[in-house]
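Colleague: To start, I am sharing the structure in question, which I have written as structure tokens.
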């Protein structure tokens, strides 16, 4: 139970102060909670005849104490009346503790709907002939199919998936045709069904030919997915291969792959996760791809996510999935004033606005989205936050 200092006290105080300064100015007189000096601004009219009364605590307050609007000394982190608080805050005394300025009061707060925007993850999967080699009792293809199916199931509704396989079944073995499953919502079943069918040797996508590894044209094809151009959400590419570029250079070979990954990251903000599965990968090339992609597994080599078996591949894809989880929230409507937006975690913890996009949140009027950064984004991804609330008008958390 919170005991609230009633508005009547402030009204009496204002009335008394106005009586002492009657006739000095016009307009609407009110305590100015933003005043950090020794006075109280009583007049908000634009006539230049502001009524000001100096706070006069006798004896003078000794730091860190401050002078209250009630002309008595109080602790710097306390209050005696609502006038000691900033706009949108009230002087509230908790059941246990001293009075403090807390969000509340009739400050015009309006809760806004904020829906989490799932990130895009476009999977670019190697189906070259070497994927039929065994790791233990299973082939690399069987392990990869199961791992991707598990990933899409685990993050269903939390991420939006798409799928490219290379080489594809186009007549030109070194170039890619149409993207089989472009990025979009509810693709999990489509991907699982397509990959499960590709476990059969009679399926067109079973990895029995053409026996080339055209990573370059696969990454160039990935860049054409229209979903990666969606400015309202974060987008990633997940490249999973068991080997090195081989049999083709139509897309420029390793240099072409590196250029495609670099362009996605620097020009479009699309980062690429790089997974090397098995012992046949080109470590130097994969390290360069991972560094250019902007989300390396480690600072030192191997910089790519290195997987040797089913367990390590599952672990890599789980790490990638959790990293890709979004921290972007779409607002139900545009705020009346973009400078008066406030964000809270679990209806209590206020998150600071940070226009440097380092540790806090910021608003993008173009997409009408709020994005969290730093430790706050990390808490969302780790599912430590149960609810994200956005409020317009003043920093009052939702009830």
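Colleague: Assuming residue 377 fulfils every condition listed in (1) assigned to a helix (DSSP H, G or I); (2) touching a helix residue (DSSP H, G or I) at 6+ places or on another chain (Cβ under 6 Å) apart from one, which condition is it?
Modeller: Tallying (1) assigned to a helix (DSSP H, G or I); (2) touching a helix residue (DSSP H, G or I) at 6+ places or on another chain (Cβ under 6 Å), residue 377 fails exactly one: (2).
Colleague: Within region 255-280, how many residues are over 27 Å from residue 140 (Cβ atoms) and in a helix (DSSP H, G or I)?
Modeller: Matching residues across region 255-280 total 7.
Colleague: Just to confirm my filter: which strands (runs of 3 or more DSSP E) fall fully inside region 48-142 and include at least 2 residues that are modelled with pLDDT of 90 or more and surrounded by 17 or more Cβ atoms within 10 Å (Cβ to Cβ)?
Modeller: The qualifying strands (runs of 3 or more DSSP E) are 119-126.
Colleague: Name every residue in region 222-236 that is assigned to a helix (DSSP H, G or I), free of Cβ contacts under 8 Å to residues at least 60 places away in the same chain and in contact with a helix residue (DSSP H, G or I) (Cβ under 9 Å, 6 or more places away or on another chain), in order of residue number.
Modeller: Residue satisfying the conditions is 229 alone.
Colleague: Related question: Output yes when any residue across region 194-209 is modelled with pLDDT of 95 or more and under 19 Å from residue 244 (Cβ atoms), and no when none is.
Modeller: Among the residues of region 194-209, at least one is modelled with pLDDT of 95 or more and under 19 Å from residue 244 (Cβ atoms), which makes the answer yes.
Colleague: Still on this model: State whether one or more residues within region 348-365 are part of a loop (DSSP other than H, G, I, E, B), over 26 Å from residue 260 (Cα atoms) and modelled with pLDDT under 95.
Modeller: There is at least one residue in region 348-365 that is part of a loop (DSSP other than H, G, I, E, B), over 26 Å from residue 260 (Cα atoms) and modelled with pLDDT under 95.
Colleague: Also, quick follow-up: Quick one: in region 385-399, which of the residues that are assigned to a loop (DSSP other than H, G, I, E, B) and modelled with pLDDT of 90 or more is surrounded by the most Cβ atoms within 10 Å (Cβ to Cβ)?
Modeller: 385
Colleague: Mind listing whichever residues of region 228-253 are buried (at least 19 other Cβ atoms within 10 Å of the Cβ) and more than 19 Å from residue 323 (Cα to Cα)?
Modeller: Passing the criteria: 241, 242, 243, 245, 248, 251.
Conditions tested, residue by residue: (1) in the same structural domain as residue 365 (by TED's automatic domain parsing); (2) surrounded by 16 or more Cβ atoms within 10 Å (Cβ to Cβ); (3) in contact with a helix residue (DSSP H, G or I) (Cβ under 6 Å, 6 or more places away or on another chain).
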site	(1), (2), (3)
204	no, no, no
215	no, yes, yes
220	no, yes, yes
287	no, yes, no
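Colleague: Is it the case that region 139-151 has a residue that's assigned by TED's automatic domain parsing to the domain that holds residue 121, free of Cβ contacts under 8 Å to residues at least 24 places away in the same chain and closer than 22 Å to residue 210 by Cα?
Modeller: Looking for residues that are assigned by TED's automatic domain parsing to the domain that holds residue 121, free of Cβ contacts under 8 Å to residues at least 24 places away in the same chain and closer than 22 Å to residue 210 by Cα, one finds at least one in region 139-151, hence yes.
Colleague: So which residues in region 348-372 are touching a strand residue (DSSP E or B) at 6+ places or on another chain (Cβ under 6 Å) and either under 17 Å from residue 110 (Cα atoms) or touching a residue at least 24 places away in the same chain (Cβ under 8 Å) (or both), if there are any at all?
Modeller: Across region 348-372, the qualifying residues are 350, 351, 363, 368, 369, 370, 371, 372.
Colleague: Also, I was wondering about something else. Mind listing just one residue for me: the one in region 361-384 that is closer than 21 Å to residue 333 by Cα and under 13 Å from the mean Cα position of the chain (by Cα) and, of those, surrounded by the most Cβ atoms within 10 Å (Cβ to Cβ)?
Modeller: If we take residues in region 361-384 being closer than 21 Å to residue 333 by Cα and under 13 Å from the mean Cα position of the chain (by Cα), then 372 is surrounded by the most Cβ atoms within 10 Å (Cβ to Cβ).
Colleague: For region 179-187, check the following and say yes or no: at least one residue is assigned by TED's automatic domain parsing to the domain that holds residue 312, surrounded by 24 or more Cβ atoms within 10 Å (Cβ to Cβ), more than 25 Å from residue 371 (Cα to Cα) and in contact with a helix residue (DSSP H, G or I) (Cβ under 9 Å, 6 or more places away or on another chain).
Modeller: no
The values are calculated or read from the model by the stated rules, or taken from the named source; none is laboratory data. Only a predicted model underlies this, so the values are computations on that prediction, with no experimental measurement involved. Every residue, glycine among them, receives a Cβ derived from its backbone with ideal geometry; neighbour counts consider all protein chains shown.
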